[in-house]
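Every number in this text was worked out from the coordinates using simple rules, so none of it is lab data. Here the structure is a predicted model, which is why all the values come from computation and not from measurement. When we count neighbours, we look across all protein chains shown, and the Cβ atoms used for this are built from the backbone with ideal geometry, even at glycine.
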Amino acid sequence: IFSLGIIAVLILWVVLLFFLFGGAQLAVFLGLFGAYFAPGFGKESIIPILLAAGCPLWVIISGVIILDMVLAVLIAFNFDLLLKVPLLGRVLSHFTTKTATLLKEHRWIVGLEGIGLFLFMYIPFMGSSAINTALIGRILAIHPKVLLPIIFAGSAGATLTVAVGMQAIINLWFVNPWYAVAAVAGVAAAAFILWKLWQKHVAARFEKDRK
């Protein structure tokens, strides 16, 4: 039921865009959204591309969240079935191996459980995605009814942050390019400092646990 429901939402979203923008513009938007599934593309890379292509902010935000939830629901409820699909099963096996490696690199996720999963979904870690987050939830035996709201909250928060932030930077660029450069530099510096502080906190916590 959940799988059919989220697919129905995706279809209704596409139909709405067709009536609002027409077939030609819809094809461009869907083609760019399709790149979201390609390796190396995340919210931080696909959202600026969509903005540059003239895609409205509400379309970007709703589209990314819907795609995240489609992937999460399919993994959460149909993972064993999807593994039996020849090509798709191989891809999912690769993601499972990759996810196990991510868990080893970010052991704090296991300790924080729900909060850890939310942070993993929200913060653009290398390799974090709805697929990885759903797989981690399965590994940690978190029920889909608990896991999916966590993924939705993380996806919505991350998408809004990146989309609104990128739009603000673009607006600053048209006012004065140096304002945009300063804003990007400030955000990057703040993110780097917070990440280093978080790494230090996690390292100290696990060192304490080992003792």
Worksheet, complete the sentence: the stretch 21-48 and the stretch 127-175 have their Cα centres apart by a whole-number Å value of 16 Å
Worksheet item: So for the pair Trp13, Thr97, with labels modelled 7 Å out along Cα→Cβ, what separation do we get in nm?
Response: 3.1 nm
Practice prompt. Provide the FRET efficiency to the nearest 0.05 for the Ser3-Val164 pair, computing r from the beta carbons and using R0 = 35 Å.
Written response: 0.70
Worksheet item: Quick one: Ile7, Ile65, fewest Cβ neighbours within 10 Å first, how do they rank?
Response: Ile7, Ile65
Worksheet item: Using the count of nearby Cβ atoms within 10 Å as a rough guide to exposure, how do Met121, Met69 rank from fewest to most?
Response: Met69, Met121
Worksheet item: Using a simple spin-label model with points 7 Å from Cα along the Cα→Cβ vector, what separation in nm is obtained for Ile115 and Phe79?
Response: 2.4 nm
Worksheet item: With labels modelled as points extended 7 Å from the Cα through the Cβ direction, what inter-label distance (nm, one decimal) is found for Lys145 paired with Ala190?
Response: 3.9 nm
Worksheet item: Taking θ as phi - 60°, what are the ³J(HN,Hα) couplings along the stretch 47-57 by the Karplus curve (6.51, -1.76, 1.60), each to the nearest whole Hz, with x for Gly and Pro?
Response: 5, x, 5, 5, 4, 5, 7, x, 6, x, 4
Worksheet, complete the sentence: Checking Ile131, Ile115, Ile61 against a Gaussian network model of the chain (alpha-carbon springs below 10 Å), the top fluctuating residue turns out to be Ile115
Fill in: Stokes-Einstein D (µm²/s) once Rh is taken as the Kirkwood radius of the stretch 2-175 over alpha-carbon pairs, at 20 °C in 1.002 mPa s
127 µm²/s
Worksheet, complete the sentence: Computed from the beta carbon distance with a Förster radius of 35 Å, FRET efficiency for Val28 and Ala182 to the nearest 0.05 stands at 0.65
